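The values are calculated or read from the model by the stated rules, or taken from the named source; none is laboratory data. Remember, predicted model here, so these are calculated numbers, not experimental data. Glycine gets a Cβ as well: all are built from the backbone with ideal geometry, and neighbour counts include every protein chain shown.
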Amino acid sequence: EIEKVVGREILDSRGNPTVEAEVHLMDGTVARAAAPSGASTGEFEALELRDGDEKRYGGKGVLQAVGHINDEINDTIKGMDASDIYAIDRAMMQADGTEDKSHFGANAILAVSIACCRAAARAQAIPLYRFLGGTYGRRMPVPMMNIINGGVHAPTSGLDVQEFMIMPVGADSFREGLRWCAEVFHALASLLREKGMTTSVGDEGGFAPELSSDEEAIETIMEAVERAGYEMGTHFKIVLDAASSEWKCTADCFHEDTVVSSSGQVYYHLPKTGVDYTTDQLIAHWKELVEKYPIISIEDPLDEDDWEGWQKLTLEIGDKVQLVGDDLFVTNTNRLQKGIAQGCGNAILIKLNQIGSVSETLDAIRLAHEAGYRAIASHRSGETEDTTIADLAVAMNTGQIKTGAPSRSERVAKYNRLLRIEEELHGQI
Ligand code: PGA
Ligand code: ZN
């Protein structure tokens, strides 16, 4: 039974404020959780409440969200059973009263929702993944490791694609795959140094070198894989997150002479390389890239509003490559339902704070699996030491997790949590 819930403003990995919630149970159990924060946020995400007071943290303070936890949310869930997460989330949403959680803030509601799960798990003396998934959860995820950062996560790199990832598909345990990835990460560092490029890292811990094309980034990664002693295609596959909703433009930022056919299409303008595409041209670009390189998955290859384009792309290459909706689906069952009905993509990226509660996140994963879509547990570019997504991936058997490079402790914390879970699952501790 919940005695009280306390909110506080803490810092995330970018030095911006975020919300932490602390749940106290009557039996003395205390548990905490923190909300992450995105940079390339989807237009249809639940609302992250920020104070807008320019005198504090450039307007990014979260004292209002924290205040809602300490007042209304505390009043709402006090006395409730922390283990009934569906009832708790429902009560918070009712009290919030908005569709996008804009009254309390999704950052406030999510932090409390996770903290309740943690408190309940602790009170029952079971790990979080068992609380979330019961005995169903037994599959270790394969990491999609983001080793080159571009887009808005690395403003100084010349790359428009936001994330270049490697996936150790040939490894037969999580621990082994993690080691392979870390070795490639170091090989990539030495390679970049030899090329005279910087090895400073972006928001998700991957390098942010002065490379200027997708092809060059992919080829550099392939070289690093070989240098580390692995075979591309057998041991590793390439994964991209284009985050192309950042490329959407209105007709006036598009160079007229490159327009082939404009009817019903979204215009894309790649801000760094200055290349323009129509939907059809961008689809052709992805087809070409998938034929040329061992790419196993592409996230947000098209804009969050380009449903027609998604349908077309899925028909054309959906049997060869995983097409992941991040900004397209925003962990929202309504948008996922629409995508399933229209055959848009074949996988969903799962970010708890896009929808803003644990129960709705679990529902989104279940809906995806029922429809034969894959689900990938994911971090945000702004993270904390909170490791919930590691437990979520195992609990729901997502089989895949996206949580950055083996660099920056807010990323590594999730990998280290998974190492411990793997030992538990194998009965080693
Ligand atoms: P974000 O990026 O957390 O900045 O939104 C992550 C992603 O696009 O997958
Ligand atoms: Zn994404």
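Summary of values
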{"item": "Any hit, segment 185-198, residues being charged (D, E, K, R), more than 12 Å from MET165 (Cα to Cα), in a loop (DSSP other than H, G, I, E, B) and in contact (Cβ under 8 Å) with a residue 60 or more places away in the chain", "result": "no"}
{"item": "Residue within segment 22-32 that is within 16 Å of ligand 1 (Cβ to nearest atom) and in contact (Cβ under 8 Å) with a residue 24 or more places away in the chain present", "result": "no"}
{"item": "Qualifying residue in segment 339-349 (condition: at pLDDT 95 or above, within 16 Å of ligand 1 (Cβ to nearest atom) and in a loop (DSSP other than H, G, I, E, B))", "result": "yes"}
{"item": "Residue match in segment 117-127 (condition: farther than 18 Å from LEU392 by Cβ, at pLDDT 95 or above and in a helix (DSSP H, G or I))", "result": "yes"}
{"item": "Leading residue by the ranking (farthest from the chain's Cα centre (by Cα)) among those in segment 97-109 that are more than 13 Å from VAL5 (Cα to Cα) and surrounded by 24 or more Cβ atoms within 10 Å (Cβ to Cβ)", "result": "PHE104"}
{"item": "Residue match in segment 356-367 (condition: within 16 Å of ligand 1 (Cβ to nearest atom), part of a strand (DSSP E or B) and under 24 Å from ALA31 (Cβ atoms))", "result": "no"}
{"item": "Residue in segment 162-176 that is modelled with pLDDT of 95 or more, among the β-branched types (Val, Ile, Thr), within 28 Å of LEU362 (Cα to Cα) and outside any loop (DSSP other than H, G, I, E, B) present", "result": "yes"}
{"item": "Boolean, ASP203 is touching a residue at least 24 places away in the same chain (Cβ under 8 Å), surrounded by fewer than 24 Cβ atoms within 10 Å (Cβ to Cβ) and within 16 Å of ligand 2 (Cβ to nearest atom)", "result": "no"}
{"item": "Total residues in segment 40-85, condition part of a helix (DSSP H, G or I) and surrounded by fewer than 14 Cβ atoms within 10 Å (Cβ to Cβ)", "result": "4"}
{"item": "THR331 vs. criteria touching a residue at least 12 places away in the same chain (Cβ under 8 Å) and within 16 Å of ligand 2 (Cβ to nearest atom)", "result": "yes"}
{"item": "Residue count, segment 305-323 (criterion: in contact with a Lys or Arg (Cβ under 8 Å, 6 or more places away or on another chain) and either closer than 11 Å to TRP286 by Cα or assigned to a helix (DSSP H, G or I) (or both))", "result": "3"}
{"item": "Unmet requirement for THR41, which otherwise passes all of (1) within 30 Å of GLU304 (Cα to Cα); (2) more than 16 Å from ligand 2 (Cβ to nearest atom)", "result": "(2)"}
{"item": "Matching residues, segment 233-246, being surrounded by fewer than 23 Cβ atoms within 10 Å (Cβ to Cβ) and either at pLDDT below 95 or out of contact with any Pro (no Cβ under 6 Å at 6 or more places or on another chain) (or both)", "result": "THR234, HIS235, SER245, GLU246"}
{"item": "Enumeration of residues in segment 368-396 that are more than 13 Å from ligand 1 (Cβ to nearest atom), surrounded by 24 or more Cβ atoms within 10 Å (Cβ to Cβ) and within 17 Å of ASN332 (Cα to Cα)", "result": "ALA368, ALA375, LEU392, MET396"}
